[in-house]
Amino acid sequence: MQLKSKVMKQDIILAGVGGQGILSIATVIGSAALQQGLYLKQAEVHGMSQRGGDVQSNLRLSSDPIHSDLIPKGGADLIVSLEPMEALRYLPYLSKDGWIITNTAPFVNIPNYPEMDKVMAELGKMPRVVALDVDAIAKDLGSPRGANMVLLGAMSAVLHILEPEKLREGIRRIFGRKGEAVVESNIKAFDAGLEFSQKNK
């Protein structure tokens with residue numbers, strides 16, 4: 001008797017504000033997933049994608065067909081956010097075993113933005129959180145525009161459905177037309193995020 005192989009799946013909410021590079025993260029993950037033969041569904045980006053408006057995307061990856069492109073409340077395996085308050089916004093969607101991977105640097109785009117201590121204290125109540133200043137890490141690498149790839153690297157430590165090398169290949173495909181220097185700086189940013197996450201998860 002042949003045993004049915006276990007279904008592998010991960011549901012991801014990507015969040016941030018316009019201009020931070022959320023869509024580039026989704027594009028790299030999508031490219032890697034398709035190359036690996038996974039099923040993929042991505043919901044329309046919600047919110048205002050212009051610079052400063054909030055942006056959110058549902059990304060569902062599975063070894064089996066996916067019927068809905070929307071992640072239900074309590075169903076997200078990962079909340080990945082380029083902005084700490086945006087991570088808080090989507091907590092109701094996090095599963096009980098889910099991970100939060102978030103940037104700690106705020107993007108203060110509203111007058112009543114809460115105090116960062118309070119935002120981080122709320123996030124700190126969650127059992128599985130990797131919080132890192134992706135902006136500072138990218139800047140230290142001499143690649144300030146690579147902050148989103150630092151976050152993708154941090155996320156890859158808990159993204160069990162895709163190997164880090166598959167994501168590196170995705171970076172090469174997506175950024176290849178911009179030249180080798182851009183590809184290498186993005187991979188360096190990705191590796192820095194992965195290393196941080198492996199040490200701190």
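Derivation of every value follows stated rules applied to the coordinates shown; laboratory data play no part. The structure presented is a predicted model; accordingly, all values stated were derived computationally and were not measured. Cβ: placed from backbone, ideal geometry, glycine included. Neighbour counts: every protein chain shown.
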Q.
When 1/r is averaged over all different Cα pairs and the result inverted, which Kirkwood radius in Å belongs to the stretch 9-200?
A. 16.4
Q | Quarter of the Cα convex hull surface for the stretch 23-135, i.e. its orientation-mean projected area (nm²) | A | 7.6
Q) Long-range amide H contacts for Ser81: which residues qualify at under 5 Å (H placed 1.01 Å from N, peptide plane, sequence gap of 5 or more or a different chain)? A) Ala15, Ile101, Thr102, Asn103
Q) By how many nm would the segment from Lys201 to Glu122 lengthen if fully extended, with 0.36 nm per residue of separation less the alpha-carbon distance? A) 26.7 nm
Q.
Spelling out what I want: for every residue of the stretch 106-112, take phi, set θ = phi - 60°, compute 6.51 cos²θ - 1.76 cosθ + 1.60 (Karplus), and round to whole Hz; glycine and proline get x.
A. x, 10, 7, 10, 9, x, 9
Q.
Given contacts defined as C-alpha pairs under 8 Å and at least six residues apart, what's the relative contact order of the stretch 12-123, whole-number percent?
A. 26
Q. Near the amide H of Asp133, under 5 Å away, which other amide H atoms are found, from residues 5 or more places off or on another chain, if H is placed in the peptide plane?
A. Thr104
Q. Tally Lys/Arg at +1 and Asp/Glu at -1 over every other residue whose Cβ is under 14 Å from the Cβ of Ala87; what's the total?
A. -1
Q) For a paramagnetic label modelled at 7 Å from the Cα of Asn109 toward its Cβ, which residues of the stretch 70-91 fall within the zone defined by backbone nitrogen distances under 14 Å? A) 81-87, 89
Q: Find the relative contact order for the chain and round it to a whole percent, using C-alpha pairs within less than 8 Å whose residues are 6+ positions apart.
A: 20
**Q.** Net length gained if the chain between Lys9 and Asp133 were fully extended (0.36 nm per residue, minus Cα distance)
**A.** 41.8 nm
Q: Out of all DSSP beta bridges with both ends in the chain, state the antiparallel percent to the nearest 5.
A: 55
Q. Do any of Lys73/Lys188; Lys41/Lys96; Lys73/Lys166; Lys41/Lys178; Lys118/Lys139; Lys9/Lys201 go past 32 Å between their Cα atoms, and which?
A. Lys73/Lys188
Q. What net charge do the residues around Ile137 carry, taking every other residue with its C-beta under 11 Å from that of Ile137, with Lys and Arg at +1 and Asp and Glu at -1?
A. -3
Q) Can you list residues whose amide H is under 5 Å from Leu94's amide H, if they're 5+ apart or on another chain and H is modeled 1.01 Å from N? A) Gly74, Ala76
